[in-house]
Amino acid sequence: MKLRNILYLTWLLCLLAGHAVADSKAQFAVTDIAGKLHKLADYQGKWVIVNYWATWCPPCLEEMPELVALYDARKNQDVMVIGIAFDADDQAAVVKFADDMLVSYPIVLGDASVIAQIGQAEVLPTTYFYNPRGELVKIKRGLVTKRYIESVITTASPAVKR
């Protein structure tokens with residue numbers, strides 16, 4: 001086989017593996033930058049919003065205050081937000097950035113392990129929505145707002161919406 005074909009097949013297998021994980025009932029476990037482990041199973045009864053972002057991504061920066069507002073308003077009730085930062089090569093910069101943006105929800109450094117457990121982020125930002133039963137019900141590519149997330153929470157069905 002030519003190298004190009006091998007690379008293509010490798011890419012395709014990774015893509016399919018990522019979607020297979022994302023489409024099944026997830027059981028991810030990720031550790032945030034403070035060292036705390038977050039397992040989807042620990043948040044039964046809550047909506048879990050997983051948001052992929054990067055410090056260099058303008059729409060990510062625009063939605064961050066919305067995610068903070070949602071998390072701060074509902075964290076003790078029915079919502080958990082986990083941010084996945086794709087600036088993993090510089091943890092100190094991510095920590096400083098999150099502090100400067102007053103991010104109150106947990107931040108995880110994105111890597112291949114996180115992608116294998118949660119799914120791909122072909123574009124940034126990308127947000128995964130898990131219902132209170134731990135089922136993936138929506139993947140949103142692009143900017144989200146507090147109002148948008150709340151509308152998903154009130155209207156989501158058990159089937160995955162893309």
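The values are calculated or read from the model by the stated rules, or taken from the named source; none is laboratory data. Values in this document were obtained by computation on a predicted structure and should not be read as measured data. We place every Cβ from the backbone using ideal geometry, glycine too, and count neighbours over all the protein chains shown. Calculation scope for accessible area: heavy atoms of the full protein, side chains included, ligands and nucleic acids excluded. Shrake-Rupley method; radii C 1.70, N 1.55, O 1.52, S 1.80 Å.
Shown here for the stretch 52-112: chymotrypsin sites (Phe, Trp or Tyr not before Pro) in loop regions (DSSP other than H, G, I, E, B) with at most 13 other Cβ atoms within 10 Å, namely Trp56. In summary, the stretch 97-146 shows an alpha-carbon radius of gyration equal to 1.27 times the 2.2 N^0.38 Å reference for compact globular proteins. The heavy atoms of Arg133 present about 120 square angstrom of accessible area, all protein chains included, probe 1.4 Å. Taking the DSSP beta bridges with both ends in the stretch 56-162, the antiparallel portion is around 55 percent. By definition, a body whose alpha carbon gyration tensor gives a ≥ b ≥ c is rounded when a/c is under 1.5, and the stretch 24-162 falls into this rounded group. In this structure the stretch 51-109 gives 45 Å² per residue of accessible area when probed at 1.4 Å with all protein chains present. Rounded to the nearest 10 square angstrom, Asp42 shows an accessible area of 90 square angstrom against a 1.4 Å probe.
The share of accessible area on the stretch 25-102 that comes from carbon and sulfur is 53 percent, using a 1.4 angstrom probe.
Rolling a 1.4 angstrom probe over the stretch 103-162 with all protein chains present gives an accessible area of which 56% lies on carbon and sulfur atoms.
Of the whole protein surface, Ser151 contributes about 50 Å² of accessible area at a 1.4 Å probe radius.
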